[in-house]
Each structure stands twice: as C-alpha cells, then as structure tokens.
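Here is the structure we will look at.
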Amino acid sequence: MAKIAIIGGGVIGSSIAYYLALAGQAADVVVIEPDPTYEFAATPRATGGIRQLFTVPENIRMAQYGHEIYGQFEMLMAVDGDPAPIDFHREGYLWLGSGRRDIDSLIGNWRIQTAHDARVELLDRKGVKHRFPSMRVDDIDIAAFSRNSRKARADAADAAYQPQCQL
Ligand SMILES: Cc1cc2nc3c(=O)[nH]c(=O)nc-3n(C[C@H](O)[C@H](O)[C@H](O)COP(=O)(O)OP(=O)(O)OC[C@H]3O[C@@H](n4cnc5c(N)ncnc54)[C@H](O)[C@@H]3O)c2cc1C
C-alpha cells in the first residue's frame, strides 16, 4: 500500500512523484488527481516562462535548477528512446518600470540577481528602444532584461513526468 499520497497531478504533484520515484520510492507513492482533463488546473494555462528575475535567492536558485533540468528535459524524460518534446526555446524576459520607485526597485533586484549569478542586464529608455525598436518607450524609465530566460510547454512537461513515475 502507498505510504505517500500526493494530492493533485499538475506539474508540481507530478514532478514530486517523479523525484520520489528517482529516489526509489515509486512503490510508496500514489498521485490522486480527480480530473484527467485538468479543466481547472493552472498547469495547462501557464505561459511556460522560466525566468530568473526573482528577488529571493532561493527562488533564483530554483529557477536556475529548472533551467538546467528543462534544458535536458526532452531526453531526460524519453520513453524507450522517444524524446518528450516541450517546445523549450530561448525568448528572453523583459521587465519594464516607470518612475522613481520602479527604478530603485529594479536596481535593488538587479543587485540581488547578479549576486546570485542570474544573468540580468539593466537598460535605460534608450537601451530598450535600441534592443526592441518596435516598442513605444516614452513611459519606460528602466528595464531588466534576462536574455537567457526560456519558455516551455508546462502541460507537455506535466504529461512527460507521468510515465516516468509508473512502475
Ligand atoms: C495564466 C497563467 C500563466 C502562468 N504562467 C506561468 C509562467 O510563465 N511561468 C511559471 O513558472 N508559472 C506560470 N504560471 C503558474 C503555474 O502554472 C503554476 O505555478 C503551476 O502550474 C502550479 O502547478 P500545480 O501542480 O501546483 O497546480 P495545478 O496545475 O493547478 O494542479 C493542481 C491539481 O490538483 C487537483 N486538485 C485540486 N483539488 C484537489 C483535491 N481536493 N484532491 C485531489 N486533487 C485536487 C486539480 O484537479 C489540479 O489538477 C501561470 C499560471 C497561470 C494561471
């Protein structure tokens, strides 16, 4: 009989089950998910952005770990050599700010981010226009740009975890 019940089989529940299975606990885990269509779940609605623009060191480290894992995910989750595509690609992540408060806040955040090896660039209005010529920038005073942030399909990642957890 299972010793560990995970309530909900969204991407978080499924990934916890995966890591428990990797740790040799597969026989002890059951994931309880009442809705196979995931109608009300957040996972299939997610944009799938994997960014590093966080302000708490633990979140930055978790995002860096996510980046590393999702970078190898298609092969890591392959079943019988068939990769598990999640449409993982680099798009970058741009955070915009206006006014003194945003300027101070983004500079403070940038200090924390770069101190934890997140690759984030601060841009002024001219820098934003130069980098993104199609943007209207007259109300932009500062921006934080993380060039190596990625995007992936969260629903595909969730689906890929599941066969890995089965005995
Ligand atoms: C519009 C949108 C955009 C987002 N964009 C991003 C993004 O770009 N990047 C990012 O990192 N995150 C993003 N997120 C957040 C991300 O989607 C969630 O953090 C993540 O999907 C949460 O996963 P979860 O497994 O905890 O929850 P869910 O995916 O909501 O799964 C919870 C599961 O629990 C089940 N459940 C609920 N109650 C019970 C119960 N009592 N018993 C059994 N099962 C139950 C539900 O059926 C559901 O399947 C976004 C979210 C939304 C809505």
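The values are calculated or read from the model by the stated rules, or taken from the named source; none is laboratory data. This is a predicted model, so every value here is computed, not measured. Virtual Cβ from ideal backbone geometry, glycine too; neighbours counted across all protein chains shown.
Can you spot a residue in the range 16-31 that is within 6 Å of the ligand (Cβ to nearest atom), of a type outside the set (S, T, N, Q), loosely packed, with under 13 Cβ neighbours inside 10 Å and not assigned by TED's automatic domain parsing to the domain that holds A118? No - not one qualifying residue is present in the range 16-31. When residues in the range 50-65 are screened for being assigned to a helix (DSSP H, G or I) and among the aliphatic types (A, V, I, L, M), 3 of them pass. Per this entry, A17 is not counted among residues that are in contact (Cβ under 8 Å) with a residue 40 or more places away in the chain and under 12 Å from the mean Cα position of the chain (by Cα). With respect to being β-branched (V, I, T) and farther than 18 Å from Q164 by Cα, I86 falls outside the description. When the range 1-35 is filtered for residues that are in a loop (DSSP other than H, G, I, E, B) and within 17 Å of A154 (Cβ to Cβ), the ones remaining, listed by number, are G8, G9, G10, E33, D35. Taken as a whole, the structure leaves S146 outside the set of residues that are of a type in the set (S, T, Y), over 16 Å from the mean Cα position of the chain (by Cα) and not assigned by TED's automatic domain parsing to the domain that holds Q25.
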